[in-house]
Every structure is written in structure tokens, then in C-alpha cells.
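Structure first, commentary second.
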Amino acid sequence: MTEIEIAWDKWIKRHALIFGFHTDRDMQMLLEWNLLFARAGFTPEELQEATEWLALNAHPRFPADHLALLSQRVRVRRGERDQVQEMLRRRDECRRKREAVQQQSECTISLSEVITQLVAQGKGGVSCPK
């Protein structure tokens, strides 16, 4: 088995154990769900988290409820992750802008200090080349 197959198998076994799926038919159902989730681009790790969340929060009554709730949970978590990444991107952008403004301010202060010193020394005449 490949590493990804092992990860999917681990999720199937854990979900089956937590929710009491133990018949051959139950296991076949979980294998089919596995194929659907994989085609949808979900990862075993996302499904592991979704299984834990379901067990602690959702309490599905019927097997078909699991499929919808697991999918929903993965999408919600992805949305949350995307929001956090966007907030971090904005924070980093603000930091870069703040640093640029600070550098510009430091340069302006330095230029002002130079001009002030030149004027104080009587060398205030500034000529610009044409």
C-alpha cells in the first residue's frame, strides 16, 4: 500500500470504530465514501478532523448524514484556514508598508538634518543640475 492508501485506510477504520460501522456493507459504504472524498480533493487528514468533530458535535442519526456532515465540515475548515491565511497575508503587507514608510521617514529626517546643518553652517545654497 502507498502512504496515501494507508492514510485513507486509517481514516476508514477510525470512522468505522467511532460510529459503530462493522458489517461488510458498512465497510463497503465507507470505501465508496473514500472514493468520493478523494475525487472531491479531500485529504485523509481533513477527514480525520471532520470525524472527530462529528463525534463530539454533530451526532449524525443515519449513515447518509455522515457523508453530508463530513463534507460540510471539511469545507468549513478550509474556509476558516483560507480566512486565516488572508489575515496573515494582510498583516504581512501592512508590516511591509509600515517598514517602507518608516524608512522613508528616516530618510526624510536625515535629509532634513543635513539641510539644517548646512543652513546652520552658512552653506544653505542648494543648486540643482540642469
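Each value in this text was obtained by applying a stated rule to the coordinates, not by laboratory testing. Bear in mind that the values here come from a model prediction, so they are computed numbers and not experimental data. Methodologically, a virtual Cβ is constructed for each residue, glycine included, from the backbone with ideal geometry; neighbour enumeration extends over all protein chains shown.
Summary table below
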quantity: Cα-only Debye scattering, the chain: base-10 log of I(q)/I(0) at q = 0.13, 0.21 Å⁻¹; calculated: -0.68, -1.18
quantity: 5 Å binning of all Cα-Cα separations within segment 3-70, expressed as whole percents from 0 upward; calculated: 3, 17, 33, 29, 15, 2, 0
quantity: Whole-Hz couplings from phi, Karplus 6.51/-1.76/1.60, listed for segment 9-16; x for Gly and Pro; calculated: 4, 4, 4, 4, 5, 5, 4, 4
quantity: Inter-label distance for Met27 and Glu3, nm, one decimal - labels placed 7 Å from Cα along Cα-to-Cβ; calculated: 2.7 nm
